[in-house]
1. Just the residues that are loosely packed, with under 12 Cβ neighbours inside 10 Å and either of a type in the set (Ser, Thr, Tyr) or not assigned by TED's automatic domain parsing to the domain that holds ALA274 (or both), please, taken from the stretch 41-71.
2. So is ALA244 farther than 25 Å from LEU116 by Cβ, assigned by TED's automatic domain parsing to the domain that holds ILE111, in contact (Cβ under 8 Å) with a residue 60 or more places away in the chain and small (Gly, Ala, Ser) or not?
3. Would you pick out the residues in the stretch 291-328 that are without any contact (Cβ under 8 Å) to a residue 24 or more places away in the chain and touching a strand residue (DSSP E or B) at 6+ places or on another chain (Cβ under 9 Å)?
4. Residues in the stretch 216-233: is at least one closer than 16 Å to GLU150 by Cβ, under 19 Å from the mean Cα position of the chain (by Cα), in the same structural domain as THR174 (by TED's automatic domain parsing) and assigned to a helix (DSSP H, G or I)?
5. How many residues are free of Cβ contacts under 8 Å to residues at least 12 places away in the same chain and part of a helix (DSSP H, G or I) if we restrict to the stretch 165-215?
6. For LEU350, work out the one condition from (1) in a loop (DSSP other than H, G, I, E, B); (2) surrounded by 10 or more Cβ atoms within 10 Å (Cβ to Cβ); (3) not basic (Lys, Arg) it doesn't fulfil.
7. Please work out which one of (1) over 29 Å from MET342 (Cα atoms); (2) crowded, with 17+ Cβ neighbours inside 10 Å; (3) touching a helix residue (DSSP H, G or I) at 6+ places or on another chain (Cβ under 7 Å); (4) not basic (Lys, Arg) is the condition ALA302 fails and give its number.
Amino acid sequence: MPIWLGAKLRAKGRAASSGHAETSRATHKTSDWADPHLSTRPAPRAGRPEPLERSPCGGFAERIVHHGCQDPHGEWPLERALLAAPTILADLARDPKLAGLDPARALYLDIETTGLSGGAGTWPFLVALGRFEHGDDGVWSFVLWQGFLEHPSEERALLVDVARRVAAAGALVTFFGKSFDRHRLEDKMRLHGIAPPFAECLHLDLYHPLRRLYAKAMADGRLATMERELLGFARHNDLPGSQAPAAWFDYLAGRPHRLEEVFEHNRLDVLSLAALAAHLGCTLTECDPAGAPLTGPPITRARSLAHHYARARRWTEALAWCQRAMARIDALPPERRAVGTMIYAELETLKAQAEAAQARAARRAPDL
């Protein structure tokens, strides 16, 4: 173990126990115990998280969990991600290359790290990769693989396996992964002399298209907010992400820890990636594969799509979505219609812009 890490763990241990007499192991006070968000949570546990096995690749631990594709995540069965049209995903993500992304072969990636910055001082101690698998019986399943560092010395072995899996898949789905997950892994791979596979990999980052579509009607663009508003999935007693590093440091130091809650938080993140990819694929039809109206604010969605297509100078689509958004505002009850007044004025301006662009195109068109 690096000298600096050992010193940090010893310091955290002293801070956790300072001023408190330890009467028994059951009442041992860990570094996160005083957090008010965790006051109603069960006590931290000692020992190794279970089930956890040593990887056949050697050098680190792993957990594999199989989910039925018909199992719902909120209101969305995971199998609906298999129906997401790559052309729609590419359109909404503003990345034409994603037309080659196959949701059935992509990896759904999420990581847990000891910090937000990159470099040698940040440890990606838990890496999750979910993927769809087609069994011999013809039934699809969603398999979640979680690679875990039981000791910092195992980092290179874990990253070698992650790089191999990502390169074999050739496609990733993340949430804010282009800005965070990818770079944290890439930084550490380079430090270990491992060739990062990400530059050659198709990468759908759900954060950006979903934020463009819905952020104006939501409190923020966080994953938990998108889950709740779009999937009907609310987390209960979820471990705050800020507590994940403390759980790992507690485990390394042999103290009671909350790692099982970190594993669960990470698992739910990955399931949400598949469900949100399915939701994004239904955006243009505005209904789910069962024919029900698509969840999420419909006025905001139509307004955002109008701007999306106006930006791309696809004026026919921009005008259609603009008119759809305006019609939805007109259909609001009188007591709510005033809320849409400013939006309506904005849409009228956009509508006039689209109509003018169409008129110019018609004048330029040669006579048939």
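The values are calculated or read from the model by the stated rules, or taken from the named source; none is laboratory data. None of these values were measured; they are calculated from a predicted model. Glycine also receives a Cβ, built like all others from the backbone with ideal geometry; neighbour counts cover every protein chain displayed.
1. none
2. Numbers: farther than 25 Å from LEU116 by Cβ: no; assigned by TED's automatic domain parsing to the domain that holds ILE111: yes; in contact (Cβ under 8 Å) with a residue 60 or more places away in the chain: yes; small (Gly, Ala, Ser): yes.
No.
3. Result: PRO293, LEU294.
4. At the first step, the residues of the stretch 216-233 found to be closer than 16 Å to GLU150 by Cβ are none.
No.
5. 5
6. Single failed check for LEU350: (1).
7. It fails just one condition, (1).
Okay, residues lined up against (1) closer than 23 Å to HIS73 by Cβ; (2) among the charged types (D, E, K, R); (3) at pLDDT 95 or above:
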residue: LEU239; (1), (2), (3): yes, no, no
residue: SER242; (1), (2), (3): no, no, no
residue: TRP248; (1), (2), (3): no, no, yes
residue: LEU252; (1), (2), (3): no, no, yes
residue: HIS257; (1), (2), (3): no, no, yes
residue: HIS265; (1), (2), (3): yes, no, yes
residue: LEU268; (1), (2), (3): yes, no, yes
residue: LEU271; (1), (2), (3): yes, no, yes
residue: ALA275; (1), (2), (3): yes, no, yes
